[in-house]
Amino acid sequence: MTGKTVEYQTVAKRSDIQPGELMYVEVGEAFVCLINMDGEIHAIDDTCTHEEASMSDGTIIGDEIECPLHGGVYNIRTGEPTAFPVVVAIEKYDVRIEGDEIQVKVPD
């Protein structure tokens, strides 16, 4: 039985993104927003599902991220919308830490 190899791409060092910060990165052909939420690194699609706004220009509020354009809000851990006008979840990406490297799973 042969399985598909899961590929991760190094996108930053832990020291590049401090708690409370957002960072735009590219993973394969995907545009991704890295989020350091209290030392825990998350990755979501960089484009809001409501309008084409960059989530890396957004604001972290607790465990949520607010879109900079119309104020829609997503849960950082799940990608689920939590405030109108956002009604469609945002894509989440798997993250792993290898030493000082932040790695994000390359989308299929």
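The values are calculated or read from the model by the stated rules, or taken from the named source; none is laboratory data. This one's a predicted model, so the numbers in the text were calculated from it and none came from an experiment. Quick reminder, even Gly has a Cβ in these numbers, built from the backbone with ideal geometry, and neighbours come from all protein chains shown.
Given (1) buried (at least 17 other Cβ atoms within 10 Å of the Cβ); (2) small (Gly, Ala, Ser); (3) within 19 Å of Val87 (Cβ to Cβ), where does Gly71 come up short, assuming only one miss? Looking at each condition in turn, Gly71 falls short on (1). Would a scan of region 46-61 turn up a residue that is in contact (Cβ under 8 Å) with a residue 60 or more places away in the chain, surrounded by 15 or more Cβ atoms within 10 Å (Cβ to Cβ) and not small (Gly, Ala, Ser)? No, region 46-61 contains no residue that is in contact (Cβ under 8 Å) with a residue 60 or more places away in the chain, surrounded by 15 or more Cβ atoms within 10 Å (Cβ to Cβ) and not small (Gly, Ala, Ser). Scanning region 41-60 for residues that are within 14 Å of Ile17 (Cβ to Cβ) and assigned to a strand (DSSP E or B) gives Ile41, His42, Ala43, Ile44, Ile60.
Evaluating Glu26 against the criteria (1) charged (D, E, K, R); (2) within 14 Å of the chain's Cα centre (by Cα); (3) within 20 Å of Glu80 (Cα to Cα) leaves one unmet condition, (3). Looking only at residues in region 84-99 that are outside any loop (DSSP other than H, G, I, E, B) and surrounded by 15 or more Cβ atoms within 10 Å (Cβ to Cβ), the one that is farthest from the chain's Cα centre (by Cα) is Val95. Considering region 1-53, and only residues there that are among the polar types (S, T, N, Q) and farther than 16 Å from Ile102 by Cα, the residue that is modelled with the lowest pLDDT turns out to be Thr2. The residues of region 74-83 that are surrounded by 18 or more Cβ atoms within 10 Å (Cβ to Cβ) and part of a loop (DSSP other than H, G, I, E, B), listed by number, are Ile76, Gly79.
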